[in-house]
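This is the structure I have questions about; it appears just below.
The values are calculated or read from the model by the stated rules, or taken from the named source; none is laboratory data. Predicted, not measured: the structure shown is a model, and the values here were computed from it. For neighbour counting, all protein chains shown are included, and Cβ atoms are generated from backbone atoms with ideal geometry for every residue, glycine included. Just the protein is used for accessible areas: all its heavy atoms, side chains included, with ligands, DNA and RNA removed. Shrake-Rupley method; radii C 1.70, N 1.55, O 1.52, S 1.80 Å.
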Amino acid sequence: MEFSLSDEQNMLRDTAERWLASLPSRPQADRALWREIADMGWLGAGFSEAEGGIDGGPVEVAVIMEMAGRALLRAPLIEGMVLGARLLSGAGAKTSLANVLEGQSIELPALEEPNQRHAPFTPDLRLMDCGGGHRLSGTKSLVSWATLADHFLISASDGAGSLVLLRVPADREGISLRERRLLDGGDAADLLLTDVAIGHDDILCQGNTAEDVLSEALDHATAALCAEAVGLADLLHERTLEYLKTREQFGQPIGSFQALQHRMVDLNIALEEARSLAMMANHALSLPAGEARVSPLSAAKQGVCARCLQIGREAIQLHGGIGMTEELPIGSAFRRLKALSLGLGDEAWHLERIADARGEISTGKEA
Amino acid sequence: MTALWSNAEVDFRDEVREFCSTQLPRDISDKVLHGQPLQRDDYMRWQDILASRGWLAGFWPKDYGGQEWGASESYIFQEETARAGAPWLLPFGVNYAGPVIFTFGNEEQKRRHLPGIVDNSVFWCQGYSEPGAGSDLARLSTKARRDGDAYVVNGSKIWTSMAQWADMMFCLVRTNSDARLQQGISFLLIDMNTPGINVQPIQSIDGFRHLNQVFFDDVRVPATNLVGEENKGWTYAKFLLGHERVLSAETGKARRLLARAESAAQARGLGKDWRIRDKIARFEVDIHALEWMSLRLLADVTAGAAPGTESSLLKIRGSSLLQEISEFSVDVLGPDALAYDPQMLSDGTGIDEELRSMGIVHDFLFQRAPTIWGGSNEIQRNIIAKHALGLPTTRV
Ligand SMILES: Cc1cc2nc3c(=O)[nH]c(=O)nc-3n(C[C@H](O)[C@H](O)[C@H](O)COP(=O)(O)OP(=O)(O)OC[C@H]3O[C@@H](n4cnc5c(N)ncnc54)[C@H](O)[C@@H]3O)c2cc1C
């Protein structure tokens, strides 16, 4: 078993950390920043050299995500670097992928819909046949970083009800954005699609292929999300530990009170468990796609988020009044963690999936 | 115990209920029910309405403009107004400054300050906490030096809620640095318009700016604004903290938040979701437990006992419960909770699903605070451990 990073991975980590430290605090993505991210080689971190990457994999991505989490970087990493790029790679869209990995084009997924609580494989959005081509009308909700996108990667259902993945230029006639702000401070928009013309070239893949491609991309995104959550929790843990050692009340560091020591120890355990689960998620990506991954990935998503949120709540509490303010990164990290726990399937969604994967509990007496 | 409430108490409850349904302005209760931040004017309009009914300072003695409500009336009043969606009744004047002034102040101070609280014309804030003195309040270092007929105040207070709207602050200051910590503290009333006071807003994690740091730079406060005796302020401060905690088990608010979570579930077609129903049922159990615990304490207080460590117990459970219900409500929203825009929330008029959902997110973020303020829950546990359970202590 190998749990430590290779020399190259350590180097990736150190460079990422140094670069992130050079940014203004709580950096927010724009095109210039995305350019820098591309120049750092992050975008290809999860891909083979043949695809234009650096021959990395989930561990490289996790290293980046964890560092980005620690630095509270707000950028479409899960969306663009992982989910979007994986969709293109899975669909064999080589040229598009190459452009994305070089940072030439920002291509972001538009999967979620209003009135759906994460049902990515059964979008309500219909791709209607129309003469020789197709038309698309409907809404995709809360598309993160939509204003940065050159292309949207849109999920829809065709006339027969099977999944289609589309790649559509953001400036295509009929697409308008309703901008929204997110709990974690990021930007998003609802995508309002009115009679958007879709040609054959816009179709990335459909049917079973589309399901496999989307499923693979979501698996990778889930593991990346876990790594970011661990990074955020690591920051919260570090700041809280530091605070307990330095903040004095009653003439002594508050960390000398045993009531708080035990709380801090519990946070430490939560962090270690979260980190372990995030590694499990990466390992799950090496299993054959499909059933074998379901339970470990959902367990990691729910388990990591629950533990990291606990760290977040306690970090605020143990900081007292200042924990409630934007003077410290505590609140930001907590909001981001809550957003991560609600995104890509919330707690209930993943618990349900774990339970379903186990199958029904037998009622028979014979065991 | 035979009946829970006497006939008179039931009548009073109906009266408050009726009053809220006819007098509470709809635009204000909409904001409260949906978690929108309130402006100074929202609080003041409602408090004006209460003041004209004589209910703003209901528990005060009649001599000072109150109704001499007992603990049960206060409880019923809070429960009913909270459920109806009335704004939080700002405690700074009515619950804190007022009782200290009528208990420890002189006649001139009572004449000058009490009417403005009863008729809601003066907005008060609480200047206790400092950067270096939170849980360990006695270590406060804002200094007041006597200079002729005035005190000259230097230092700063922090986490001062709504100081940006306040006309007056009641403030703990150090008047003797040589005495033991608790013995050099005095209780001063400070006009917020005095030269040398600078109020700096602090943004909190919900995106709003209702917290402040207040700086004092050679602020001259008339010596007549000293309440009680110099260096006896700690006694008055502790008296006040007892009052702060009695009303901390906000079961009315807990019920209101739970009902809102239920409507959010319904609006999302989750009315039959067993996970959600199970949690709601558990919260109902918690609310019952908290309510009956509160009622037992009320009975003791009504029978003449001073609020003791039981109020710490209510504070811990009440604040934790609000916090848990608030986070549960966000979980009911699911991915809808990802959208949160403080500006839009505070500008929003009328209520649509989107604002409703942002209001729930807002409450979720802000409700991290009650377990910290008013003596943190850790401090309350220390109090119970030491004073109620008599556990030995290693510290002084
Ligand atoms: C939203 C909000 C509004 C507020 N409004 C006001 C206001 O209007 N006026 C005002 O004066 N103050 C106000 N406060 C301040 C509040 O009373 C203090 O935040 C509180 O007393 C805690 O002090 P602190 O923030 O300095 O935390 P600290 O005292 O530094 O505590 C940090 C952590 O250590 C823990 N701790 C400290 N001592 C012990 C111990 N002995 N044993 C175990 N744990 C311990 C605390 O529980 C906390 O978790 C407000 C606070 C908030 C969050």
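³J(HN,Hα) across the stretch B:179-186 via Karplus (A = 6.51, B = -1.76, C = 1.60, θ = phi - 60°), whole Hz, x for Gly/Pro?
So the Karplus estimates, Gly and Pro as x, are 6, 4, 2, 6, 9, x, 10, 10 Hz.
Based on the Cβ-Cβ distance of A:E248 and B:Q266, what FRET efficiency does E = 1/(1 + (r/R0)^6) give at R0 = 60 Å, to the nearest 0.05?
0.75
For the stretch B:124-232, what does the alpha-carbon gyration tensor say about shape, rounded, prolate or oblate, given a ≥ b ≥ c as the root eigenvalues, a/c under 1.5 as rounded, and a/b over b/c as prolate?
Verdict is oblate for the stretch B:124-232.
Same structure again: Chain B: Rg/Rh from Cα coordinates, Kirkwood Rh?
Over the Cα atoms of chain B, Rg/Rh equals 0.96.
So, R0 is 30 Å and r is the distance between the beta-carbons of A:F121 and A:R358; what FRET efficiency does that work out to, to 0.05?
Computed FRET efficiency for A:F121 and A:R358 comes out at 0.90.
Further question: Going by average Cβ neighbours within 10 Å, how do the peptides A:81-92, A:306-317, A:5-16, B:365-376 rank, with the highest at the top?
Result, highest mean first: A:81-92, A:306-317, B:365-376, A:5-16.
Where does the charge balance sit around A:A38 when Lys and Arg score +1, Asp and Glu -1, over other residues with C-beta under 14 Å from its C-beta?
Net charge around A:A38: -4.
Another question about this same structure. Running Debye on chain A with equal point scatterers at the Cα sites and no solvent, what base-10 log of I(q)/I(0) appears at q = 0.08, 0.12, 0.15 Å⁻¹?
-0.42, -0.90, -1.33
Please check the stretch A:157-200 for residues whose accessible area, probe 1.4 Å, is lower by 20 Å² or more when all protein chains are in place than in their chain alone.
A:R178, A:R180, A:R181, A:L182, A:L183
Ok, one more. Given a cut-off of under 8 Å on Cα pairs at least six residues apart, what relative contact order in percent is computed for the stretch A:92-169?
Worked out over the stretch A:92-169, it gives 33 percent.
Put B:V285, B:V10, B:V221 in order of accessible area, largest first, 1.4 Å probe: what do you get?
In descending accessible area the options line up as B:V285, B:V10, B:V221.
A follow-up question, please. Nearest 100 Å², what total accessible surface is buried between chain B and chain A (probe 1.4 Å)?
Answer for the B-A pair: about 3400 Å² buried.
Quick query: amide H of A:A110 versus all other amide H atoms, modeled in the peptide plane; which residues come in under 5 Å with a sequence gap of 5 or more or a different chain?
Long-range HN contacts for A:A110: A:L153, A:I154, A:S155.
Strictly greater than 19 Å: what percent of every Cα pair in the stretch A:108-206 meets that?
35
Just grab the label-to-label distance for B:S21 and A:L351, each label 7 Å out from Cα along the Cβ direction, in nm (one decimal).
3.7
Stretch A:S22-A:S176 to full length: gain in nm at 0.36 nm per residue minus the Cα-Cα span?
My answer for the length gained is 51.9 nm.
Once every Cα of the stretch B:248-388 carries one equal point scatterer and solvent is ignored, give the base-10 log of I(q)/I(0) from the Debye formula at q = 0.10, 0.11 Å⁻¹, two decimals.
The calculated log intensity ratios at q = 0.10, 0.11 Å⁻¹ are -0.41, -0.48.
Given a Förster distance of 30 angstrom, what is the FRET efficiency for B:S320 paired with B:N193, based on the Cβ-Cβ distance and rounded to 0.05?
The computed FRET efficiency comes out at 0.15.
Let me ask you something else. Return the average number of partner chain Cβ atoms within 10 angstrom of each residue Cβ along peptide B:203-209.
5
Using packing as a proxy for protection, rank B:264-273, B:229-238 so that the peptide with the highest average count of other Cβ atoms within 10 Å comes first.
Descending mean neighbour count gives B:229-238, B:264-273.
Quick one: net charge around A:A21, please, counting Lys, Arg +1 and Asp, Glu -1 for every other residue with C-beta under 12 Å from its C-beta.
In short, 0.
Run the quick spin-label model on A:A50 and B:E229: label points 7 Å from Cα toward the beta carbon, then report their separation in nm to one decimal.
In this crude label model, A:A50 to B:E229 measures out at 9.0 nm.
For the stretch B:220-229, in order, what is each residue's ³J(HN,Hα) by Karplus, 6.51 cos²θ - 1.76 cosθ + 1.60 with θ = phi - 60°, in whole Hz (x at glycine and Pro)?
Karplus values, whole Hz, x for Gly and Pro: 8, 10, x, 4, 5, 8, 7, 8, x, 9.
In degrees between 0 and 90, to the nearest 10, how far off the longest principal axis of chain B does helix B:310-333 point, with axes built from Cα atoms?
That helix lies at roughly 40 degrees to the long axis.
Mind giving me the nanometre distance, one decimal, between the label points for B:D218 and B:T394, set 7 Å out from Cα along Cα→Cβ?
4.9
Another question, if that's okay. Measuring from centroid to centroid over Cα atoms, what is the spacing of the stretch A:55-110 and the stretch A:235-289 in Å?
First find each Cα centre; the distance between them is then 28 Å.
Sticking with this structure for a sec: With every protein chain left in place, what is the accessible area per residue of the protein assembly as shown in square angstrom, probe 1.4 Å?
Heavy-atom SASA per residue in the protein assembly as shown reads 43 Å².
Identify which of B:A289, B:A163, B:A82 has the largest mean-square fluctuation in a Gaussian network model of chain B, with springs joining Cα atoms closer than 10 Å.
B:A289
What part of the accessible area of chain A, given as a whole %, is carbon or sulfur when the probe is 1.4 angstrom?
50
What's the average, rounded to a whole number, of partner chain beta-carbon atoms within 10 Å of each residue's beta-carbon in B:367-375?
3
Give me the angle, in degrees from 0 to 90, between the Cα long axis of helix A:347-358 and the longest principal axis of the Cα atoms of chain A, rounded to the nearest 10.
So the helix axis and the longest Cα principal axis differ by about 70 degrees.
How large is Rg/Rh for the stretch A:7-106, to two decimals, with Cα atoms and a Kirkwood Rh?
Rg/Rh for the stretch A:7-106 comes to 0.94.
Please compute, for peptide B:129-140, the average count of beta-carbon atoms on other protein chains lying within 10 Å of each residue's beta-carbon.
3
Taking just the alpha-carbon atoms of the protein assembly as shown, what radius of gyration and Dmax come out, in angstrom?
29.0, 93
Under 12 Å from a point placed 7 Å out from the Cα of B:A385 along the Cα-to-Cβ direction: which residues of the stretch A:243-284 have their backbone N that close?
Flagged as within label range: A:256-263.
Further, regarding this structure: How big is the dipole moment of the protein assembly as shown about its Cα centre under a simple scheme where the beta carbon of each Lys and Arg is +1, that of each Asp and Glu is -1, and everything else is neutral? Debye, nearest 20, please.
Roughly 2360 debye, rounded to the nearest 20.
Per the 1.4 Å probe, what fraction of the accessible area of the stretch B:11-69, in percent, lies on carbon and sulfur atoms?
42
Moving on to the next point. Per-residue counts of other Cβ atoms within 10 Å, averaged by peptide: what ranking do you get for B:104-114, B:323-333, A:259-269, highest first?
With the highest mean Cβ count within 10 Å placed first, the list reads B:323-333, B:104-114, A:259-269.
While we're looking at this one, here's another question. Report the paramagnetic label zone for B:D273: residues of the stretch B:352-371 whose backbone N is under 15 Å from a point 7 Å from Cα along the Cα-to-Cβ axis.
The answer is B:357, B:361, whose backbone nitrogens lie closer than 15 Å to the label point.
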